[in-house]
Amino acid sequence: MPRSAGTRGTSRDEYARYTEEGAPYARNMQRLLRKFDTAKDLVPRPVVAYAEKKTRYGVIYYGSTAPAMDEAIEMLTSDGNNLDMLRVRAFPFHHSVDDFIAEHEFVFVVEQKCWYLDADGLDKQSLHLLGRLPSGQLACYLRIVPPGHRFKEPSIGRVVVDNNLRRRRIGTSLMTRGVEVVEERYPTVGIFLSAQKYLEYFYRSFGFTSTGHEYLEDGIPHVDMYRAKRVR
C-alpha cells in the first residue's frame, strides 16, 4: 500500500500496518505535532481587546461565554477595573494565545465545565462586596441578593477568594462582613445560602445550619443552609 493511501491511527505504521513498536508510535506523534503546528496559522485567530489603561490582568474565554463576558467587562470597566480580553475561536491555539498569557501577571480562564447560566439577571439588584489588598489588587468577592428575588430570604452567594491568597483567613473576614451587611439591611429575617457540600463546615462557623439533604446543582454537590435572624 502506498504511504499516502488509506487512513491510520497511532497504532499503525507508515504503511497502515498494525504495530506496537515504539519507533513508529514516536514518528506518528511527531507527525501529529507537525499537523497541529501547521493548523495554528490556518484556524481563525483569537479576538483580542485591550483595556484603555495598561493592566496586569487578562481573561481568556470562548464559546457561549462571550455574551456574559461582554456584560462583565462593561461592569468592571465602569467600576474602574481594567482587564484585557482574549476570545479563543479555534483549536489548536494560535501563538497569540501564548503571547497574551506572557503579557500578563494574572490570567483568568472562563471555562465551561459547569453548565449553568451565570448571567442570572440578579446582579443589578444585588449588593456586591469586593475586598482589596492595600495595593488595590482584588482579593475576594461575594454577592448579596435581596429577599424576594432568588429566595424569600436575603441570600449570600458567589463567595470567592483569590487562589494565591488562601489560608490567610480572607474568606473568614469576607463572610463575617457579608453577614454583618445582610443583618444591617434586613434585620427582621434570616439569611439563606446554597453551599457547596465541602464548605458546609466552614459556613457552620458563621451560624448557618443545614436545612435539607445533599443535592446536585450544576453537577456539584450542594446543601441548603440557613442562619436565623439575630436576636436583639
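The values are calculated or read from the model by the stated rules, or taken from the named source; none is laboratory data. Keep in mind the model is a prediction, meaning the values are calculated, not measured. Note that we place each Cβ from the backbone using ideal geometry, even for glycine, and neighbour counts take in every protein chain shown.
Tabulated values for the structure
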| quantity | calculated |
| --- | --- |
| Residue match in segment 53-63 (condition: in contact (Cβ under 8 Å) with a residue 40 or more places away in the chain and part of a loop (DSSP other than H, G, I, E, B)) | yes |
| Of the criteria (1) modelled with pLDDT under 90; (2) surrounded by 15 or more Cβ atoms within 10 Å (Cβ to Cβ); (3) part of a loop (DSSP other than H, G, I, E, B), which one ARG45 fails | (1) |
| Pair list, Cβ under 7 Å, 6 or more apart: segment 202-217 residue in the same structural domain as VAL189 (by TED's automatic domain parsing), other residue aromatic (Phe, Trp, Tyr) and surrounded by 13 or more Cβ atoms within 10 Å (Cβ to Cβ) | PHE208/TYR226; THR209/TYR226; THR211/TYR226 |
| Subset of segment 99-157 that is in a loop (DSSP other than H, G, I, E, B) and of a type in the set (A, V, I, L, M) - its residue that is modelled with the lowest pLDDT | LEU117 |
| Failed condition for HIS94, given (1) touching a helix residue (DSSP H, G or I) at 6+ places or on another chain (Cβ under 9 Å); (2) surrounded by 18 or more Cβ atoms within 10 Å (Cβ to Cβ); (3) modelled with pLDDT under 95 | (1) |
| Checklist (1) in contact with a Gly (Cβ under 9 Å, 6 or more places away or on another chain); (2) not in a helix (DSSP H, G or I) applied to SER173, failing item | (2) |
| Subset of segment 191-227 (residues that are out of contact with any Cys (no Cβ under 7 Å at 6 or more places or on another chain), farther than 21 Å from LEU174 by Cβ and either in a loop (DSSP other than H, G, I, E, B) or aromatic (Phe, Trp, Tyr) (or both)) | THR211, GLY212, HIS213, GLU214, TYR215 |
| Segment 158-167 - residue that is surrounded by 13 or more Cβ atoms within 10 Å (Cβ to Cβ) and not in a strand (DSSP E or B) and, of those, farthest from the chain's Cα centre (by Cα) | LEU165 |
